[in-house]
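Notes follow once the structure below has been shown.
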Amino acid sequence: MTGPTAPDVEVRALLSALASQRRHVLGIIDGLDERALRQPALPSGWTCLGLVQHLALDVERFWFGAVVAGDKKVIAALDDGADAWQVAPGASAQEVLDRYRAETTLADAVAEQLPPDTPLAWWPHHLFGEPHLHSLRDVLLHVITETACHAGHLDAARELLDGRRWLVLS
């Protein structure tokens, strides 16, 4: 991929908003032990750790590595059939959190190289039909929204686990 030497002003602003939501995701679960991170938060069975893994693989890796960058290795890995919401019993919480941080770094590196109107490099028509997003800008806005939504889920889960709340002014 080629692009400007410095990230576009709009892309920088969108990445800044996304970085804030990513910090919220990691901040609200900070201090939870392995047991709490793996405790089901809802009757559906999702866990805080599973949600973070979902963000790493189904959000950051999928949208930036596959859809925006068209990375063939990332696209091939999407077909492994694993449910990102389910953390392998042998995977430590630290491994999942490190994977999330690594995927966000890779995602930023992709986005920083491109102007906001860059078209998608790849789309899984066989799974989702025609794309509803069409540019890097669209993807950044979508990922900001999805990450913020999941940060809210983690807020509720954390409050249920131990009463902690994120940046609540009294």
Spelling out what I want: for every residue of the range 106-111, take phi, set θ = phi - 60°, compute 6.51 cos²θ - 1.76 cosθ + 1.60 (Karplus), and round to whole Hz; glycine and proline get x.
5, 4, 4, 4, 5, 5
Could you derive backbone 3J(HN,Hα) for the range 40-47 from the dihedral phi with the Karplus parameters 6.51, -1.76 and 1.60 (θ = phi - 60°), listing whole Hz in sequence and x where the residue is Gly or Pro?
x, 8, 9, x, 5, x, 5, 10
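Taking the Cα centre of the chain as origin, sum charge times position over the Cβ atoms of Lys and Arg (+1) and Asp and Glu (-1), and report the length of that vector in debye to the nearest 20.
About 300 debye.
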The range 75-82 - phi-based ³J(HN,Hα) in whole Hz, Karplus 6.51/-1.76/1.60, Gly and Pro as x
4, 4, 5, 5, 8, 6, x, 6
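Would you please give the FRET efficiency between Q39 and T145, computed as 1/(1 + (r/R0)^6) with r the Cβ-Cβ distance and R0 = 22 Å, to the nearest 0.05?
0.25
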Keeping all protein chains in the complex and leaving out DNA, RNA and ligands, what accessible area do you get for T105 with a 1.4 Å probe, in Å² to the nearest 10?
90
Connecting C-alpha atoms closer than 10 Å in a GNM of the chain, tell me which of L49, L140, L106 has the biggest fluctuation.
L106
Most fluctuating residue of Q53, Q39, Q21 in a GNM of the chain with Cα springs under 10 Å: which is it?
Q39
Per q in 0.20, 0.21 1/Å, what log10 I(q)/I(0) does a Debye calculation on the alpha-carbon atoms of the range 1-129 return?
-1.19, -1.25
Using only the alpha-carbon atoms, how far is helix 9-29 inclined from the longest principal axis of the chain? Give it as 0 to 90 degrees, nearest 10.
20
Under a 5 Å amide H to amide H cut-off, with H placed in plane at 1.01 Å, what residues pair with T47 once short-range neighbours are removed?
A41
Taking R0 as 22 Å, what FRET efficiency do you get between D117 and S16 from their Cβ-Cβ distance, rounded to the nearest 0.05?
0.70
For the range 66-170, taking Cα atoms only, what is the radius of gyration to one decimal and the Dmax to the nearest whole Å?
16.6, 49
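The values are calculated or read from the model by the stated rules, or taken from the named source; none is laboratory data. Worth saying up front: this structure is predicted, and the values here are computed from it rather than measured. In this analysis, Cβ positions are derived from the backbone assuming ideal geometry, glycine residues included, and neighbour counts consider all displayed protein chains. Side chains are part of the model used for accessible areas, which takes the heavy atoms of the whole protein and leaves out ligands, DNA and RNA. Shrake-Rupley method; radii C 1.70, N 1.55, O 1.52, S 1.80 Å.
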